Amino acid sequence: AQTVTQSQPEMSVQEAETVTLSCTYDTSENNYYLFWYKQPPSRQMILVIRQEAYKQQNATENRFSVNFQKAAKSFSLKISDSQLGDTAMYFCAFTITGTASKLTFGTGTRLQVTL
Amino acid sequence: DGGITQSPKYLFRKEGQNVTLSCEQNLNHDAMYWYRQDPGQGLRLIYYSQIVNDFQKGDIAEGYSVSREKKESFPLTVTSAQKNPTAFYLCASSMDRGPVNEQFFGPGTRLTVL
């Protein structure tokens, strides 16, 4: 079975600073995808960034980037120039290629951006 | 606007009653999913469907049932057999082409069983 672990239940960062959220996963599969989802107080789940396991290059989306370490099974999210609107729960998720895109989620990290 | 709708936003039911949560999408997506979210546990997959008239159990299907009679609709019934039904329920959909497809989520339904 696949598992996703987020070891930081809560984090706080000041506006304009950089923060890194951690995620580790466990699988015996070789072909998979990793995602970071954001859930703001509205509880609407929003995809932040995705990474294909076969790609060595780390994915980036504007202020969001990942550090994907396949051998270590680590997938951290870096948020640069944090904004108040980044305050949310962040979930790391994983799916194996060819399994109907079923997602396995971590337990989430609550990020608070402060002035 | 294309999207996923879930209704109602809040739902209250008495213990022992079955209740059905609605999920509709107009994105022309093939696949649809139901997740349950509890505090401190992230999201867990209940059921999913890749095509009309077909669906599969997820990780926590016991006490739940679904149907997929139309491509746009994937209702979830929480039965009296579900021992702890109070939770936040999220519906999602995706295209079913290629190795992996992004899932788009609805706004969720908060179910409280009294």
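Cα-based count: Lys pairs in chain A below 20 Å, eight or more positions apart or different chains? Please report the intermediate quantities before stating the final value.
Details: A:Lys38/A:Lys78; A:Lys38/A:Lys102; A:Lys55/A:Lys70; A:Lys55/A:Lys73; A:Lys55/A:Lys78; A:Lys70/A:Lys78; A:Lys73/A:Lys102.
Summing the qualifying lysine pairs gives 7.
Normalised radius of gyration for chain A, please: alpha carbon Rg relative to 2.2 N^0.38 Å, two decimal places.
So chain A has a normalised radius of gyration of 1.02.
If you average the sequence gap of Cα pairs under 8 Å that are 6 or more apart and divide by the length of the stretch A:32-115, what percent do you get for the contact order? Present the calculation step by step, with values, prior to reporting the outcome.
Values: 156 pairs, mean separation 24.4, N = 84.
In percent, rounded to a whole number, it is 29.
Take the Cβ-Cβ distance between B:Glu15 and A:Leu84 as r, set R0 to 45 Å, and report the resulting FRET efficiency rounded to the nearest 0.05.
Working: r = 41 Å, r/R0 = 0.90.
Efficiency for this residue pair is about 0.65.
So which aspartates and glutamates can B:Lys83 reach, going by Cα to Cα under 12 Å and dropping same-chain residues fewer than 8 places off?
B:Lys83 reaches B:Glu15, B:Glu62.
Given an 8 Å cut-off on Cα distances and at least 6 residues of separation, report the relative contact order of chain B as a percent. Kindly include the intermediate steps, with their values, before the conclusion.
Details: 291 pairs, mean separation 39.5, N = 114.
The value is 35 percent.
Please state the relative contact order of the stretch A:1-53 as a whole percent: Cα pairs under 8 Å, 6+ residues apart?
30 percent
Based on the Cα gyration tensor of chain B, what are the three equivalent ellipsoid semi-axes, each the root of five times an eigenvalue, rounded to whole Å and given largest first? List each step's numbers first, then the result.
On the way: eigenvalues 104, 39, 36 Å².
They are 23, 14, 13 Å, listed largest first.
Would you mind classifying the stretch B:65-112 by shape? Square roots of the alpha carbon gyration tensor eigenvalues, ordered a ≥ b ≥ c; an a/c under 1.5 is rounded, otherwise it is prolate if a/b is larger than b/c and oblate if not.
prolate
Given Cβ point charges of +1 (Lys, Arg) and -1 (Asp, Glu) and nothing else, what value in debye, to the nearest 20, does the dipole of chain A about its Cα centre take? Let's see the in-between values first.
On the way: 10 positive and 9 negative charges, 54 e Å.
Once rounded to the nearest 20, the dipole reads 260 debye.
Given labels modelled 7 Å from the Cα in the Cβ direction, how far is it in nm from B:Arg110 to B:Thr77?
2.7 nm
Provide the per-residue ³J(HN,Hα) series for the stretch B:71-77, in order, calculated from phi with Karplus coefficients 6.51, -1.76, 1.60 and θ = phi - 60°, each as a whole number of Hz, with x at glycine and proline positions.
Along the stretch B:71-77, the couplings run 4, 7, 10, 8, x, 10, 9 Hz.
Taking 7 Å along the Cα-to-C-beta vector as the label spot, tell me the B:Lys70-A:Ser12 distance in nanometres, rounded to one decimal.
For the pair B:Lys70/A:Ser12, the computed spacing is 4.9 nm.
Running a GNM on chain B with Cα contacts under 10 Å, which residue among B:Val100, B:Val19, B:Val66 ends up with the highest mean-square fluctuation?
It is B:Val100.
What number does the protein assembly as shown give for Rg over Rh if you use C-alpha atoms and the Kirkwood radius? Each step should come with its number before you reach the end.
Values: Rg = 17.6 Å, Rh = 18.2 Å.
Using Cα coordinates only, the ratio equals 0.97.
Treating the Cα atoms of the stretch B:21-74 as identical point scatterers in vacuum, please give the log10 of the normalised Debye intensity I(q)/I(0) at q = 0.19, 0.24 Å⁻¹, two decimals.
The computed values of log10 I(q)/I(0) come out as -0.63, -0.93.
Laboratory data are not the source of any read-out in this text; all were calculated from the coordinates shown. Note that the structure is predicted; figures quoted are calculated from it, not measured. All Cβ positions, glycine included, derive from the backbone under ideal geometry; neighbour counts span all protein chains shown.
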